[in-house]
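Just so it is clear, none of the values below were taken in a lab; they were calculated from the coordinates. This one's a predicted model, so the numbers in the text were calculated from it and none came from an experiment. Quick reminder, even Gly has a Cβ in these numbers, built from the backbone with ideal geometry, and neighbours come from all protein chains shown.
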Amino acid sequence: MVGCVSGEKRVSHLARDTAAAAGEGTYWRYESWLKKQESQISSCVSAAGELFAIRRELFRELEEDTLIDDFVISMGIALRGHRVLYVPEAYALETASISVTEEFKRKTRIAAGNLQAVLRMPNLLNPLKHGMLAFQYVSHKFLRSFVVPFCLVALIPVNLLVLPNLSLVYSLAFLLQSLFYGIALAGYAMRESRLTPRLFFVPCYIVTMNLAAIAGVFRYLTGRQSVLWEKAARIQESPQREGNTRL
């Protein structure tokens, strides 16, 4: 039985993007594609907080300090054996974060909430009990939030240690890493510019997102993440300007 239906979050941004707008827009297009594939197989992993509906009888009261209620509500329903479907035809439109700093703040809170959620719903990691849902959660959320960011940090010193072996593979890996982080750094330096190609902004957003994931884990473990939602400042677009962007 379907217990929850999630709409799609779409990020509206100006034709000439800043780093935050370009990165966030690309991220949500990728995230939407993942959710669509998951929904076709089983259930999508979490509902978009901007637009989702659940069966009234499936609602459960949340603990007062819950950080990401949309995830906890939708995954709680999935853990009880109901499907969470994704319907991109129903969508909510939101402008992008006004800056990389604002987006970092938002992603840090989400990362802290992800850790809180998995600690309170450990069955999400149990494939023997939840099968495909557990696989989808681990591959979509768990690895992204708690494994990949720390591996990326460790990869740099590890690559430097093996570099003296003069292996072509290690040398190429180090070169690609250096190029990627160089582009990300350039994107950060030009983060307020609207004339910079997206080539610079997307790597900048990826690095920012992974650093925020690490920061979020430590904020939650040290008890410094407030439960109060501090909304990220977003780009303000006039109706005329938004209309021009869509053309």
Fill in: Separation of the residue 10 and residue 58 label points, Cα + 7 Å toward Cβ, nm
2.5
Worksheet item: Build a GNM of the chain with springs between Cα atoms under 10 Å: which of 64, 31, 102 gets the top mean-square fluctuation?
Response: 64
Worksheet item: What is the sum of charges around residue 1, taking Lys and Arg as +1, Asp and Glu as -1, for the other residues whose C-beta is under 14 Å from the C-beta of residue 1?
Response: +3
Practice prompt. Could I have the simple spin-label model distance between residue 173 and residue 151, label points 7 Å from Cα toward Cβ, reported in nm to one decimal?
Written response: 1.1
Worksheet entry | Dipole magnitude of region 2-228 about its Cα centre (Cβ charges: Lys, Arg +1; Asp, Glu -1), debye to nearest 20 | 260
Practice prompt. Kindly put 8, 24, 89 in sequence by how many other C-beta atoms sit within 10 Å of each C-beta, fewest to most.
Written response: 89, 8, 24
Response to the item:
For region 75-137, the convex hull over Cα atoms projects on average to an area in nm² of 5.7
Item to complete: Could you please rank 29, 198, placing first whichever residue has the fewest other Cβ atoms within 10 Å of its Cβ?
Response: 29, 198
Worksheet item: Picking from 167, 74, 145, which is most flexible by a Gaussian network model of the chain using Cα springs under 10 Å?
Response: 167
Practice prompt. Provide the FRET efficiency to the nearest 0.05 for the residue 129-residue 192 pair, computing r from the beta carbons and using R0 = 45 Å.
Written response: 0.40
Discussion item. Give me log10 I(q)/I(0) at q = 0.07, 0.16, 0.17 Å⁻¹ for the chain, Debye formula, one equal scatterer per alpha-carbon, no solvent.
Written reply: -0.27, -1.27, -1.37
Worksheet, complete the sentence: When the charge dipole of the chain is computed with +1 at the Cβ of Lys and Arg and -1 at the Cβ of Asp and Glu, the Cα pointing farthest to the positive end, of 174, 204, 116, is that of 174
Worksheet item: Hey, with R₀ at 45 Å, roughly what FRET efficiency would residue 40 and residue 166 work out to, going by the Cβ-Cβ distance, to 0.05?
Response: 0.45
Worksheet item: So what's the gap between the Cα centers of region 26-51 and region 92-154, to the nearest angstrom?
Response: 13
Item to complete: May I ask for the net charge around residue 116, where only other residues with Cβ less than 10 Å from the Cβ of residue 116 are counted and Lys, Arg are +1 while Asp, Glu are -1?
Response: -1
Fill in: Under 18 Å from residue 35, Cα to Cα: lysines that are on another chain or at least 8 residues apart
9, 141
Response to the item:
CD proxy, 222 nm, the chain: helix-only mean residue ellipticity via -39,500 (n - 2.57) per DSSP H run with n ≥ 4, per residue, nearest 500, stands at -18500 deg cm²/dmol
